[in-house]
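These notes are about the structure you will find just below.
The values are calculated or read from the model by the stated rules, or taken from the named source; none is laboratory data. Just so it is clear, the model here is predicted, and its values are computed rather than measured. Note: ideal-geometry Cβ built from the backbone for every residue, glycine included; neighbour counts use all protein chains shown.
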Amino acid sequence: MLFSQLVEYYEKIEATTSRIEMTNLLVDLLKKSPPDIIDKIVYLTVGEIYPPFIGIELGVADKLALRTIKIASGRSEKLIREEYSRLGDVGLVGEKLLQTRSQITLHTRELTVSDVYHSLEKIAKTSGEGAMETKVQILVGLLSSATPKEAKYILRIVTGKLRLGVADMTILDALAILYGGGKETREIFERAYNITSDIGYIAKIAALEGLEGIKNIKISIGRPVRPMLAERLSSAEEIISKIGGKCLAEYKYDGERMQIHKKDLDVMIFSRRQENITSQYPDVVKLVQENILADEAILECEAVAIDPETYETLPFQELMHRKRKHEIEKAVEEYPVNLYFFDILYLDGRDLTLEPLEERRRTLERIVKTGDRIYLSKAISTDNPLELEKFFHEAIENGCEGLVVKSLGKEAIYRAGARGWLWIKYKRDYKSEMIDTVDLVVVGAFYGRGRRSGKYGALLMAAYDPEKDVFPSVCKVGSGFTDEDLEKLPALLEPYKIPHRHARVITGVETDVWFEPRLVLEIIGAEITLSPIHRAGWNLIKEESGLAIRFPRFTGRYRLDKSPEDCTTVDEIIKMYRSQLKKIMEASPT
């Protein structure tokens with residue numbers, strides 16, 4: 001398949017603001033994709049070379065990409081800098097300057113998708129002494145053979161700024177339509193994706209083996225399972241009622257959720273975003289090797305930072321120090337962690353995700369050798385709201401965020417990648433003032449004035465609607481940002497900047513700048529109110545009204561551990577609003 005054919009689809013996808021049209025374009029693209037390279041086409045379309053858990057990234061900075069444009073185009077460094085300053089997009093700079101190359105490359109052949117993919121793969125894998133020069137040579141070779149439009153997308157892919165807005169979930173829709181016979185099979189494709197976290201692999205199996213092949217996909221060591229998520233309620237009585245009686249209530253620790261894969265002495269650690277973080281936690285690898293009594297296992301735990309002197313638990317933010325690439329041993333000493341195991345998904349060839357929670361918990365108790373720094377999550381079984389309330393306050397006093405309350409019984413399976421009522425978050429009580437925080441994704445920005453001139457003065461924030469796979473806006477936040485935040489936000493958001501509203505963003509607000517939904521921030525506000533312009537919960541409470549957070553403020557917490565699809569859902573916002581309304585009414589004199 002020629003790369004120019006792929007670029008034609010990219011041009012159309014980039015131009016659309018309709019998610020339906022985007023899906024239809026993807027169906028058409030996948031239909032024309034040769035089965036032996038469909039995985040590569042899918043990876044490129046989501047701006048990757050491999051799935052995130054492989055941990056190999058292209059890692060080409062704009063500066064290096066501009067250097068390759070200079071060599072390939074023969075234009076002056078001054079002109080390239082001027083164009084980059086004006087356009088702010090390496091892809092557009094390449095497209096413009098390669099239209100009039102000062103040196104015409106002879107005998108160039110048309111690029112295929114495989115040519116581009118394998119060249120980018122070489123760039124991603126190149127490391128060590130002389131790596132930068134090798135990357136430059138490979139990229140210059142690609143650009144020399146590329147048309148200007150092809151160069152635009154090659155440069156965007158290699159710098160991690162493709163900006164098409166195509167997500168894994170949109171690809172699943174297209175695959176279900178094309179290979180499953182319609183969206184009614186979407187659940188089968190999603191299950192396969194949720195237990196492998198590899199959208200390219202799913203596409204290839206679908207193309208080669210059809211729906212039956214997708215049904216036969218199994219959990220395996222080394223492929224992270226997408227985590228099960230919880231709904232949220234505000235009182236012990238509501239939770240016991242919703243969950244149908246007896247439940248397992250566990251401490252909700254303020255740490256980093258880890259999925260740990262063990263095969264003999266080989267240990268891999270994945271974040272909740274399926275990134276391989278093994279290198280950051282050599283101490284966790286050792287703890288698992290010594291204390292997990294199984295040849296093969298996939299387990300989930302919460303890693304909580306502790307004070308190395310007092311052994312008291314520390315806030316989640318302290319774990320950000322473990323993200324460093326150098327002096328890991330020093331970070332291990334300064335920021336040690338306790339592990340609290342709460343689930344097991346796989347054991348010695350057995351998929352446990354379809355087993356009930358009680359069985360999984362018993363298995364966990366059998367294979368985790370608890371001791372210094374390695375524990376099971378503290379939990380109780382109860383059907384008593386008063387006992388649940390008491391345990392909740394105990395968790396808060398012990399530095400936890402609250403509880404995760406889990407359903408018991410045969411239906412209490414592990415629903416990979418899903419959010420539902422089998423697990424319910426019970427955090428601090430919601431009052432008329434909004435005490436609990438929400439995690440929202442940045443979808444737009446407004447230019448600042450006065451002291452904030454030249455920076456972003458406010459950000460447009462959105463929640464996630466998993467049913468429709470869209471991000472409806474919920475507030476415009478300009479408070480809580482430090483001078484340091486205001487300085488770094490433009491650079492942090494630059495990779496996600498797009499020329500128009502994203503096809504998955506729903507809002508009645510016009511911004512100065514639009515972004516692909518990627519960066520998640522923690523927000524607190526005064527209360528949740530009805531809004532004529534924000535689209536979260538549109539028409540669900542009142543006609544022609546959505547829900548908005550009044551007087552929102554950034555807490556200072558960047559949720560880099562969360563993907564946009566992990567942020568607070570519209571359903572949660574609605575429940576918080578109703579809970580708040582109920583409490584206000586109860587407090588009002590009759």
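Annotation: Val368 fulfils all but one of (1) without any contact (Cβ under 8 Å) to a residue 40 or more places away in the chain; (2) more than 27 Å from Thr568 (Cα to Cα); the unmet one is (1). Of all residues in region 443-454, those that are farther than 17 Å from Glu494 by Cα have Cβ atoms under 8 Å from Cβ atoms of residues that are at pLDDT 85 or above and assigned to a helix (DSSP H, G or I), 6 or more apart or on another chain, in Arg452/Leu486. Looking at Ile277, Ile269, Ile243, just one residue is closer than 20 Å to Glu318 by Cβ, crowded, with 17+ Cβ neighbours inside 10 Å and out of contact with any helix residue (DSSP H, G or I) (no Cβ under 7 Å at 6 or more places or on another chain), and that residue is Ile277. For Thr353, the requirement of being of a type in the set (Val, Ile, Thr) and more than 30 Å from the chain's Cα centre (by Cα) is not met. Could you tell me whether Arg362 is out of contact with any strand residue (DSSP E or B) (no Cβ under 7 Å at 6 or more places or on another chain) and more than 26 Å from Asp566 (Cβ to Cβ)? When the stated conditions are applied, Arg362 passes them. Determine whether Lys488 is more than 18 Å from the chain's Cα centre (by Cα) and closer than 22 Å to Met576 by Cβ. So Lys488 fails the test. In region 207-236, which residues are more than 23 Å from Glu302 (Cα to Cα) and out of contact with any helix residue (DSSP H, G or I) (no Cβ under 7 Å at 6 or more places or on another chain)? Once the filter is applied, which keeps residues that are more than 23 Å from Glu302 (Cα to Cα) and out of contact with any helix residue (DSSP H, G or I) (no Cβ under 7 Å at 6 or more places or on another chain), region 207-236 yields Leu208, Glu209, Glu212, Asn216, Lys218, Ser235.
Does Glu572 meet the test of being under 21 Å from Ile435 (Cα atoms), within 21 Å of the chain's Cα centre (by Cα) and either of a type in the set (S, T, N, Q) or surrounded by 15 or more Cβ atoms within 10 Å (Cβ to Cβ) (or both)? Against the criterion (under 21 Å from Ile435 (Cα atoms), within 21 Å of the chain's Cα centre (by Cα) and either of a type in the set (S, T, N, Q) or surrounded by 15 or more Cβ atoms within 10 Å (Cβ to Cβ) (or both)), Glu572 qualifies.
If the requirement is being more than 25 Å from Val60 (Cα to Cα), surrounded by 14 or more Cβ atoms within 10 Å (Cβ to Cβ), in the same structural domain as Leu530 (by TED's automatic domain parsing) and β-branched (Val, Ile, Thr), which of these qualifies: Val474, Val443? Of Val474, Val443, the one residue that is more than 25 Å from Val60 (Cα to Cα), surrounded by 14 or more Cβ atoms within 10 Å (Cβ to Cβ), in the same structural domain as Leu530 (by TED's automatic domain parsing) and β-branched (Val, Ile, Thr) is Val474. Of the residues in region 196-249, how many are closer than 25 Å to Ile344 by Cα, charged (D, E, K, R) and more than 23 Å from the chain's Cα centre (by Cα)? Number of matching residues: 3.
Looking across region 61-97, the residues that are part of a loop (DSSP other than H, G, I, E, B) and touching a residue at least 24 places away in the same chain (Cβ under 8 Å) come down to Ala61, Gly74, Arg75, Gly88, Asp89.
For the structure I just gave you, tell me whether Ile202 is in contact (Cβ under 8 Å) with a residue 12 or more places away in the chain, touching a Phe, Trp or Tyr at 6+ places or on another chain (Cβ under 7 Å) and among the β-branched types (Val, Ile, Thr).
yes
Looking at this structure, is Leu66 of a type outside the set (Phe, Trp, Tyr) and out of contact with any Pro (no Cβ under 8 Å at 6 or more places or on another chain)? Answer is yes for this residue.
Of the residues making up region 217-238, just one is over 24 Å from Asp343 (Cα atoms) and either part of a strand (DSSP E or B) or without any contact (Cβ under 8 Å) to a residue 60 or more places away in the chain (or both), namely Glu238.
Quick test for you: out of Leu314, Leu299, pick the one residue that is surrounded by 19 or more Cβ atoms within 10 Å (Cβ to Cβ) and without any contact (Cβ under 8 Å) to a residue 24 or more places away in the chain. Exactly one of Leu314, Leu299 is surrounded by 19 or more Cβ atoms within 10 Å (Cβ to Cβ) and without any contact (Cβ under 8 Å) to a residue 24 or more places away in the chain, namely Leu314. Residues that are among the aliphatic types (A, V, I, L, M), crowded, with 16+ Cβ neighbours inside 10 Å and touching a helix residue (DSSP H, G or I) at 6+ places or on another chain (Cβ under 8 Å) within region 514-540 comprise Leu519, Val520, Ile528, Ala536, listed in sequence order. Output the number of the condition that Leu178 fails; it satisfies all remaining conditions of (1) of a type in the set (A, V, I, L, M, F, W, C); (2) surrounded by 18 or more Cβ atoms within 10 Å (Cβ to Cβ); (3) in contact (Cβ under 8 Å) with a residue 40 or more places away in the chain; (4) closer than 24 Å to Asp351 by Cα. Answer for Leu178: the failing condition is (4). Is there a residue in region 126-134 that is out of contact with any Phe, Trp or Tyr (no Cβ under 6 Å at 6 or more places or on another chain), closer than 30 Å to Ser76 by Cα, surrounded by 22 or more Cβ atoms within 10 Å (Cβ to Cβ) and modelled with pLDDT of 90 or more? No, region 126-134 contains no residue that is out of contact with any Phe, Trp or Tyr (no Cβ under 6 Å at 6 or more places or on another chain), closer than 30 Å to Ser76 by Cα, surrounded by 22 or more Cβ atoms within 10 Å (Cβ to Cβ) and modelled with pLDDT of 90 or more. Residues in region 363-400 that are exposed (fewer than 13 other Cβ atoms within 10 Å of the Cβ) and basic (Lys, Arg): Arg366, Lys369.
Answer with yes or no whether Lys455 is more than 16 Å from Pro517 (Cβ to Cβ), outside the structural domain of Arg362 (by TED's automatic domain parsing) and either surrounded by fewer than 17 Cβ atoms within 10 Å (Cβ to Cβ) or modelled with pLDDT of 85 or more (or both). I'd like the intermediate steps shown before the answer.
Working: more than 16 Å from Pro517 (Cβ to Cβ): yes; outside the structural domain of Arg362 (by TED's automatic domain parsing): yes; either surrounded by fewer than 17 Cβ atoms within 10 Å (Cβ to Cβ) or modelled with pLDDT of 85 or more (or both): yes.
So Lys455 passes the test.
The one condition from (1) surrounded by fewer than 19 Cβ atoms within 10 Å (Cβ to Cβ); (2) outside any helix (DSSP H, G or I) that Asp115 does not meet is (2). Filtered by the rule that a residue be of a type in the set (Lys, Arg) and modelled with pLDDT under 95, region 13-39 gives a lone residue, Arg19. Scanning region 40-60 for residues that are modelled with pLDDT of 90 or more, part of a loop (DSSP other than H, G, I, E, B) and of a type in the set (A, V, I, L, M), we see that the one that is nearest to Ala174 (Cα to Cα) is Val46.
All conditions in (1) out of contact with any Asp or Glu (no Cβ under 9 Å at 6 or more places or on another chain); (2) in a loop (DSSP other than H, G, I, E, B); (3) within 20 Å of Lys252 (Cβ to Cβ) hold for Gly399, with the sole exception of (1). Comparison of Tyr251, Tyr153 shows that the only residue that is in contact (Cβ under 8 Å) with a residue 24 or more places away in the chain, buried (at least 23 other Cβ atoms within 10 Å of the Cβ), more than 29 Å from Leu357 (Cα to Cα) and not polar (S, T, N, Q) is Tyr153.
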